[in-house]
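Student: Here it is, the structure, as structure tokens.
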Amino acid sequence: MPGAAGSGFDVDHLPWGLAELPGLGPRPVVRIGEHALDLAGIAEHLPASGRAALAAPTLDTLLALPADELAAQRDAVRELLTDPAHRPLVAPHLHPLAGISLRLPITVADVVDFYASEHHATRVGSIFRPDGPALPQAWKHLPIGYHGRAGSVVVSGTPIRRPAGQRRGAPGSGPTFGPSERLDLEAEVGFVVGRPSVLGRPVPVTALADHVVGVALVNDWSARDLQAWEYVPLGPFLGKSFATSIAAWITPLAALEAAWTDPPAQSPEPLPYLRPAGRGLDLALEVLLDGEVVARPPFASTYWTPSQMLAHLTSNGAAVRTGDLFASGTVSGPGDDERGCLLELTRGGTVPLPDGRTWLTDGTEVTVRASAPSTSGGRLHLGEVSGRIVGSGL
Ligand SMILES: O=C(O)/C=C/C(=O)CC(=O)CC(=O)O
Ligand SMILES: [Ca+2]
Ligand SMILES: [Mg+2]
């Protein structure tokens, strides 16, 4: 496919999306370079087994296909895009990205957000709880997480309204209510469940790929003033439930074969249901404010692996469903420029960035993007997740 090679979206990547195609409504597509390929349009040239899923106005049915059917469909799409002889039958179904709009790629079922970066958790712990240990007692024994709000997950590009809420008042006075004054971003990696698990049956730590079909970047917008006042003892609530942005493109796990890497050593050894740890992913993230890179968090430094996150979240028998999204939590590395949120980058708002910024101001556009080693030897780009802050209207 001309133009796709070297773009980060070549035939070895083929992320899934849900596109509003002119005159056709929402349809499952894959991205190739700067085009979306309408899968329903080429359905007759794809394996019959997965074909019915392509007629749906959602991606959910496709993502829930048995692993072998999904793999066969992906191979067939790659073949159609690779062999120039097929160009005439593919070309009518390629839509320039500039002319289409991308929808929320999944019907979000349940949302879990972890806290899996030791570098992030250590810094945040020392900011929020300066008098206690930086890491909570359980932190090295289980991947700590909280349940998020499925209904406020929005696709990249959706404007983010500054939330209002209750926060701590001045010393000696009660709390106040108003627009958040400490609005933050959190650069995260999200894992999308395609094939469900069964209620009452924990997913073994070795079974990630039986359920997770892809990866999408996430920004877990966070109002730090609301969060700091409300979170004890039940954890994040309204400070994080107003919006969570997800990229429009889901990178198939199969496209990340070359990105698997050993996670950091885990000590103490986790309990048996969290062993073996499985592998981490070498994803190089970048956080941009109004187009300027302000941080480069390395996902490979994340302590807990996606296999352990899924095993832990189902270890009590809870099931995962098609459309479930579990995210890593803020990705941060050891370096000063590897911090995936402003809370860390500005040391709790006390040390401004070089351009003078601390918390997010109205009008600021935040983008998280990432690249990874590709199976072809180059690099693939994950679909970016971006959002611009708009005033609270209060
Ligand atoms: O209280 C704390 O230690 C902080 C909690 C969070 O900010 C939760 C969260 O979203 C975790 C993350 O993204 O890593
Ligand atoms: Ca988070
Ligand atoms: Mg959120």
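Student: May I ask for the angle, rounded to the nearest 10°, between helix 118-128 and the longest principal axis of the chain, with both axes built from Cα atoms and the value confined to 0 to 90°?
Tutor: The angle comes out near 30 degrees.
Student: Given a 1.4 angstrom probe, I'd like the percentage of the accessible area of the chain that is carbon and sulfur, rounded to a whole number.
Tutor: Heavy-atom surface of the chain belonging to carbon and sulfur, 1.4 Å probe: 56 percent.
Student: Could you size up the charge dipole of the stretch 109-208 around its Cα centre, putting +1 on the beta carbon of Lys and Arg and -1 on that of Asp and Glu, and report it in debye to the nearest 20?
Tutor: 180 debye
Student: Relative to the longest principal axis of the chain, what angle (0 to 90°, nearest 10) does the C-alpha long axis of helix 67-82 take?
Tutor: Once rounded, the angle reads 70 degrees.
Student: Using the Cα centre of the stretch 1-119 as the reference point, and only Cβ charges (+1 on K/R, -1 on D/E), how large is the resulting charge dipole? Debye, rounded to the nearest 20.
Tutor: The calculated dipole for the stretch 1-119 is roughly 400 debye.
Student: So how far, in whole Å, is the C-alpha centre of the stretch 289-337 from the one of the stretch 367-383?
Tutor: One Cα centre to the other: 17 Å.
Student: Take every DSSP beta bridge with both residues inside the chain and express the antiparallel ones as a percent of the total, to the nearest 5. Working shown, then result.
Tutor: Details: 59 of 67 bridges.
Rounded to the nearest five, the antiparallel share is 90 percent.
Student: With springs only between Cα atoms under 10 Å apart, run a GNM on the chain and tell me which of Ile32, Ile127, Ile160 wobbles the most.
Tutor: Looking only at Ile32, Ile127, Ile160, the biggest GNM fluctuation is shown by Ile127.
Student: Select from Val331, Ala55, Ala311 the residue farthest towards the positive end of the dipole of the chain; place +1 on Cβ of Lys and Arg, -1 on Cβ of Asp and Glu, and compute about the Cα centre.
Tutor: Ranked along the dipole, the leading option is Ala311.
Student: Which GluC sites (Glu not before Pro) does the stretch 5-69 hold that lie in a coil by DSSP with at most 16 other beta carbons within 10 Å?
Tutor: Answer by residue number: Glu34.
Student: Place a +1 charge on the Cβ of each Lys and Arg in the chain and a -1 charge on the Cβ of each Asp and Glu, then give the dipole magnitude about the Cα centre in debye, rounded to the nearest 20.
Tutor: 780 debye
Student: Which semi-axes, in whole Å and largest first, does the equivalent ellipsoid of the stretch 233-333 have when worked out from the alpha carbon gyration tensor as the square roots of 5 times its eigenvalues?
Tutor: 24, 20, 16
Student: Turning to a different aspect of this structure: Using the heavy atoms of the protein chains alone and a 1.4 angstrom probe, what is the accessible area of the chain per residue in square angstrom?
Tutor: With the other protein chains kept in place, the chain gives 40 Å² per residue.
Student: With a/c under 1.5 counting as rounded, go ahead and sort the stretch 16-102 into rounded, prolate or oblate using the C-alpha gyration tensor (a ≥ b ≥ c being the square roots of the eigenvalues; past the cut-off, prolate if a/b is larger than b/c, else oblate).
Tutor: Here the stretch 16-102 falls in the oblate category.
Student: Right, something else. Compute a Gaussian network model of the chain, connecting alpha carbons closer than 10 Å, and tell me which residue from Asp210, Asp220, Asp12 fluctuates the most.
Tutor: Greatest mean-square fluctuation among the candidates belongs to Asp210.
Student: Per the helix-only calculation at 222 nm, which mean residue ellipticity applies to the chain, given -39500 (n - 2.57) for every DSSP H run of n ≥ 4 and division by its residues, nearest 500 deg cm²/dmol?
Tutor: Value at 222 nm, helices only: -4000 deg cm²/dmol.
Student: With springs connecting C-alpha atoms under 10 Å apart, model the chain as a Gaussian network and identify which of His35, His120, His211 has the largest mean-square fluctuation.
Tutor: Maximum fluctuation in the GNM of the chain, among the listed residues, is at His35.
The values are calculated or read from the model by the stated rules, or taken from the named source; none is laboratory data. What you see is a predicted model, and the numbers here were worked out from it, not measured in a lab. So basically every Cβ, Gly included, is an ideal-geometry build from the backbone, and we count neighbours across all protein chains shown. These area figures cover heavy atoms from the full protein model, side chains too; ligands, DNA and RNA do not enter into them. Shrake-Rupley method; radii C 1.70, N 1.55, O 1.52, S 1.80 Å.
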